[in-house]
Amino acid sequence: MLPGMAGKARIAIVGAGNLGSALAVALRRAGYAIDMIVGHSRRSQARARVLGKRVGARIAASLAGSRADVVWICVPDASIGQAADTLAAQIEWKEKVALHSSGALTSDALSALRARGAAVASVHPLMTFVRGSRPSLAGVPFAVEGDAAAVRVARRIVRGLGGEAYAIRKSEKAAYHAWGTFASPLLTGLLSTTEQVAAAARVRGKEARGRMAPILRQTIENYVAFGAPRGFSGPIIRGDVETVKKHLRVLREEPVARDVYLALARAALEFLPAKSKTALRRALRSSGQ
């Protein structure tokens, strides 16, 4: 543990977007002092002012004057390296910890701060953050990678948040982030596509979401409780070739949804149990031509 961090570290948050805001609120609730919220753009500073009032933090355009032990950088991936370069000259970094929360980038994105004496790490929560939502971080896994001293501090903070820290190799981060993208943003893309299919059945928008909600919740519950093979239902597991053909015919009017159906049906035949797999593959192949 670095000096000054035997207790709960003082933390500065750089960036007041969805992730930074959620982290700041969760940290404050967990008893951490939020020293400063840093926002560079006018929009970011406006958000920072709102967030600062909520968590009792100062608002600034730079880290100058910060008393933080830990600086947690919560800006978009493409801006992390630039942010590190900008922050490097603003404070003394020796015996401080710098974290970023990119799922795809490694701790090396903070090399400019490491060169100034900071211990650095990437700390990514496997959770989705959208405006207007403040998800609990209790039980959330955080993938942690970086310098040993920074990793120790990060693990302590994650435990304080009620999360579960685990080690990840630098070489695993791209696959890890692709996994997370399948679990949330691409799942949202699937649900958006599902709404387009619902519209073909004359059910639209909010009404479609409401009618889908029970089956969506039960599907997720089945998957979590039983795993994919036992949580799988519908025409493919039954080997109902004719029903699948009907689906594909009606989806000719929705070509994007049809492509998604074909891709997911092929994945289901590859990874999940099904009767009549040969006939189903033939039906998908002939339909895709």
> Among the residues of the range 113-134, how many are in a loop (DSSP other than H, G, I, E, B) and closer than 23 Å to V71 by Cβ?
Replying inline: 8
>> Looking only at the range 49-80, how many residues end up being in contact with a strand residue (DSSP E or B) (Cβ under 7 Å, 6 or more places away or on another chain), small (G, A, S), closer than 25 Å to S107 by Cβ and part of a helix (DSSP H, G or I)?
In response: 0
> Given the residues L110, L187, which is the only one that is under 13 Å from the mean Cα position of the chain (by Cα), in a helix (DSSP H, G or I), within 24 Å of S21 (Cβ to Cβ) and not β-branched (V, I, T)?
Replying inline: L187
>> Between R169, R159, which is under 30 Å from G103 (Cβ atoms), within 26 Å of the chain's Cα centre (by Cα) and surrounded by 12 or more Cβ atoms within 10 Å (Cβ to Cβ)?
In response: R159
>> Could you tell me how many of the residues in the range 55-99 are loosely packed, with under 14 Cβ neighbours inside 10 Å, of a type outside the set (A, V, I, L, M, F, W, C) and closer than 20 Å to F129 by Cβ?
In response: 1
> Among (1) touching a Lys or Arg at 6+ places or on another chain (Cβ under 6 Å); (2) at negative phi, where does R28 come up short?
Replying inline: (1)
> Quick one: which of A24, A46, A98 is hydrophobic (A, V, I, L, M, F, W, C), more than 17 Å from A154 (Cα to Cα) and either part of a helix (DSSP H, G or I) or in the same structural domain as S122 (by TED's automatic domain parsing) (or both)?
Replying inline: A46
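Let's see how each residue does on (1) among the small types (G, A, S); (2) without any contact (Cβ under 8 Å) to a residue 40 or more places away in the chain:
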residue	(1), (2)
A104	yes, no
A109	yes, yes
R114	no, yes
V120	no, yes
A154	yes, no
I157	no, no
L161	no, no
>> Can you pull out every residue in the range 1-19 that is part of a loop (DSSP other than H, G, I, E, B) and either small (G, A, S) or at pLDDT 60 or above (or both)?
In response: L2, G4, A6, G7, K8, A9, R10, G15, A16, G17
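The values are calculated or read from the model by the stated rules, or taken from the named source; none is laboratory data. Keep in mind that this is a model prediction, so the values were computed, not measured. Note: ideal-geometry Cβ built from the backbone for every residue, glycine included; neighbour counts use all protein chains shown.
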